[in-house]
Amino acid sequence: MPPDDESGLICTLCSKPVHPGTAAARSGDTFVHVRCLARETGLRAMDLHDRAAEVLARAERARAHAEALVTGPEPFALTGQVTAFDAAARRVTIGVAECLLAPSVPLDGLAVGLSVSGMGFRSGIERVVTTLVIR
């Protein structure tokens, strides 16, 4: 509370005069209304809460991404007829599943209509066949 003899004091938060008898806080040469200080503290707390929520969301996304990296690619196996084949692009469709053929998979004898079994891994949304057996 400012002394009664100090007149012309201005609240640094709202820029209004601090009248004698008004609840005020002093820090060095700075005066603030207690009400202004409470409002500012509440706003600061809400801002910190929002920032903390953003940091937690970022941390959760980073954890999920790291978990996906640690678990590695997801294996798969398909069996069915070759419904489409593009040797230049090294793409084959087994049933309705489009796949990329790894460089180690030979293309000899592969044609539309053949029954095949393909095994490999998922890389994102792409299926990469690493082993292809013509049945």
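For every residue, the table says whether it meets (1) part of a helix (DSSP H, G or I); (2) in contact with a strand residue (DSSP E or B) (Cβ under 9 Å, 6 or more places away or on another chain).
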site: VAL70; (1), (2): yes, no
site: LEU78; (1), (2): no, yes
site: ALA88; (1), (2): no, no
site: SER117; (1), (2): no, yes
- Is there a residue being within 21 Å of the chain's Cα centre (by Cα), farther than 30 Å from VAL128 by Cα and surrounded by 10 or more Cβ atoms within 10 Å (Cβ to Cβ) anywhere in the range 59-79? yes
- Condition set under 30 Å from GLU67 (Cβ atoms) and at pLDDT below 95, scope the range 109-126, selection nearest to the chain's Cα centre (by Cα): answer is GLY124
- Note on the structure: Expected output for the range 1-28 (first residue at positive phi and surrounded by 14 or more Cβ atoms within 10 Å (Cβ to Cβ), partner at pLDDT below 80 and part of a loop (DSSP other than H, G, I, E, B), Cβ below 8 Å, 6+ apart or cross-chain) is none
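Among residues belonging to the range 96-108 that are more than 30 Å from GLU67 (Cβ to Cβ) and not aliphatic (A, V, I, L, M), point out the one that is modelled with the highest pLDDT.
As a first pass, look at the range 96-108 and keep what is more than 30 Å from GLU67 (Cβ to Cβ): 106-108.
Still in the running and not aliphatic (A, V, I, L, M): 106, 108.
Details: PRO106: 95, ASP108: 92.
Result: PRO106.
The values are calculated or read from the model by the stated rules, or taken from the named source; none is laboratory data. Just so it is clear, the model here is predicted, and its values are computed rather than measured. Note: ideal-geometry Cβ built from the backbone for every residue, glycine included; neighbour counts use all protein chains shown.
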